[in-house]
Amino acid sequence: MLRGHGGKPDTSALWVRHCPPRPRLAVITLHGGRADGYQTSRPWHLAALRMRPVLRAAASAVSLEDAVLAQVRYRHRGWNQGDPLQDTYRALDELER
């Protein structure tokens with residue numbers, strides 16, 4: 001289980017890698033997964049690791065003074081009839097806040 005501030009479980013759907021004080025844009029990566037699977041998705045799984053170079057490339061193409069860089073944190077490894085879509089909606093809601 002991932003831990004957030006104060007040792008409480010981190011249920012965030014958005015893993016923010018960089019956030020300037022006054023962002024004007026956001027780059028968010030969404031990685032692939034298995035067709036089915038309810039195992040917990042972890043940042044060290046290959047699907048998530050494969051997106052790190054993509055986020056680094058995006059970071060070099062934008063002004064870091066303006067850009068939030070983040071990854072969606074999926075609850076499960078599988079697509080499971082729309083689980084990643086719901087996690088993406090949650091991440092976008094968090095980004096808006």
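Quick one: Karplus J couplings for segment 17-22, per residue in order, coefficients 6.51, -1.76, 1.60, θ = phi - 60°, nearest Hz, x for Gly and Pro?
For segment 17-22, the Karplus curve yields 8, 7, 9, x, x, 10 Hz.
Which residues among segment 50-64 fall inside the zone where the amide N is under 17 Å from a point 7 Å beyond the Cα of Cys19, along Cα→Cβ?
Correct set: 64.
Taking every DSSP beta bridge that has both residues in the chain, what percent is antiparallel when rounded to the nearest 5?
Looking only at bridges with both residues in the chain, the antiparallel portion is about 50 percent.
Given a Förster radius of 35 Å and the C-beta distance between Ala35 and Ser63 as r, what FRET efficiency does 1/(1 + (r/R0)^6) yield to the nearest 0.05? Intermediate results must be reported in sequence, preceding the final value.
Numbers: r = 38 Å, r/R0 = 1.09.
Efficiency computed from Cβ-Cβ geometry: 0.35.
When ligands, DNA and RNA are left out and all protein chains stay put, how many square angstrom of accessible area per residue does segment 15-64 have with a 1.4 Å probe? Could the numbers behind the result be given before it?
Numbers: 3530 Å² over 50 residues.
It amounts to 71 Å² per residue over segment 15-64.
Residue-wise, which Karplus ³J(HN,Hα) couplings in Hz belong to segment 61-78, taking 6.51 cos²θ - 1.76 cosθ + 1.60, θ = phi - 60°, and x for glycine or proline?
So the J values, rounded to whole Hz, are 9, 10, 7, 5, 6, 10, 10, 7, 10, 8, 10, 6, 9, 6, 6, 10, 6, x.
Tell me the carbon and sulfur percent of the accessible area for the chain, rounded to whole percent, probe radius 1.4 Å.
The computed percentage sits at 54.
What does the helix-only formula give at 222 nm for the chain: each DSSP H stretch with n ≥ 4 adding -39500 (n - 2.57), the total divided by the residues, and the result rounded to the nearest 500 deg cm²/dmol?
-8500 deg cm²/dmol
Treating the angle as unsigned and between 0 and 90°, give the value, to the nearest 10°, between the Cα long axis of helix 83-96 and the longest Cα principal axis of the chain.
30
Counting Lys and Arg as +1 and Asp and Glu as -1, what is the net charge of the other residues whose Cβ lies under 12 Å from the Cβ of Glu65?
+1
Report the extension gain between Leu85 and Val54 in nm, rounded to one decimal, defined as 0.36 nm multiplied by the number of residues separating them, less their alpha carbon distance.
9.1 nm
Around His31, which amide H atoms from residues at least 5 apart in sequence, or from another chain, sit under 5 Å from its own amide H, with H modelled in the peptide plane?
Val72
The values are calculated or read from the model by the stated rules, or taken from the named source; none is laboratory data. Given the structure is predicted, the values throughout are model-derived calculations rather than measurements. Virtual Cβ from ideal backbone geometry, glycine too; neighbours counted across all protein chains shown. For the accessible areas, the whole protein counts, side chains as well, though only heavy atoms, and no ligand, DNA or RNA atoms are used. Shrake-Rupley method; radii C 1.70, N 1.55, O 1.52, S 1.80 Å.
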